[in-house]
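Working notes, structure below.
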Amino acid sequence: MALYKKQKVDLGKAGKFTIKKGAMTAAAKREGVSNSEYEQEHKGDSGLAGKRARLALTMKGWKHK
């Protein structure tokens, strides 16, 4: 059983892609580190792990209204 849920998203010109909720948490658990440590380690990576890490760091900076 997968640790994450898939959700399809259509961003118009940016294209369609699938968001896997919980995928980064699962990857961090596999490496034995926390989510924030994983994000910091992989923020400079090319590829999907880097994209996920940069997005997570960006979203952590957002404020709730």
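A quick yes/no check of all residues on (1) in contact with a strand residue (DSSP E or B) (Cβ under 9 Å, 6 or more places away or on another chain); (2) surrounded by 15 or more Cβ atoms within 10 Å (Cβ to Cβ); (3) at pLDDT below 85:
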{"site": "His42", "(1), (2), (3)": "no, yes, no"}
{"site": "Ser46", "(1), (2), (3)": "no, no, no"}
{"site": "Arg54", "(1), (2), (3)": "no, yes, no"}
{"site": "Met59", "(1), (2), (3)": "no, no, yes"}
{"site": "Lys63", "(1), (2), (3)": "no, no, yes"}
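Within segment 12-22, take every residue that is under 14 Å from the mean Cα position of the chain (by Cα) and at pLDDT below 85 and give me the one that is surrounded by the fewest Cβ atoms within 10 Å (Cβ to Cβ). Steps first, answer last, please.
Initially, segment 12-22 is screened for residues under 14 Å from the mean Cα position of the chain (by Cα), giving 17-22.
Checking which are at pLDDT below 85 leaves us with 17-21.
Numbers: Phe17: 12, Thr18: 9, Ile19: 13, Lys20: 16, Lys21: 11.
In this case the residue turns out to be Thr18.
Of all residues in segment 45-65, those that are more than 15 Å from Asn35 (Cβ to Cβ) have Cβ atoms under 8 Å from Cβ atoms of residues that are aliphatic (A, V, I, L, M) and surrounded by 10 or more Cβ atoms within 10 Å (Cβ to Cβ), 6 or more apart or on another chain, in Asp45/Ala53.
In segment 27-38, the condition of being at pLDDT 85 or above, surrounded by 14 or more Cβ atoms within 10 Å (Cβ to Cβ), assigned to a loop (DSSP other than H, G, I, E, B) and not acidic (Asp, Glu) is met by at least one residue.
The values are calculated or read from the model by the stated rules, or taken from the named source; none is laboratory data. Not measured: the values here are computed from a predicted model. So basically every Cβ, Gly included, is an ideal-geometry build from the backbone, and we count neighbours across all protein chains shown.
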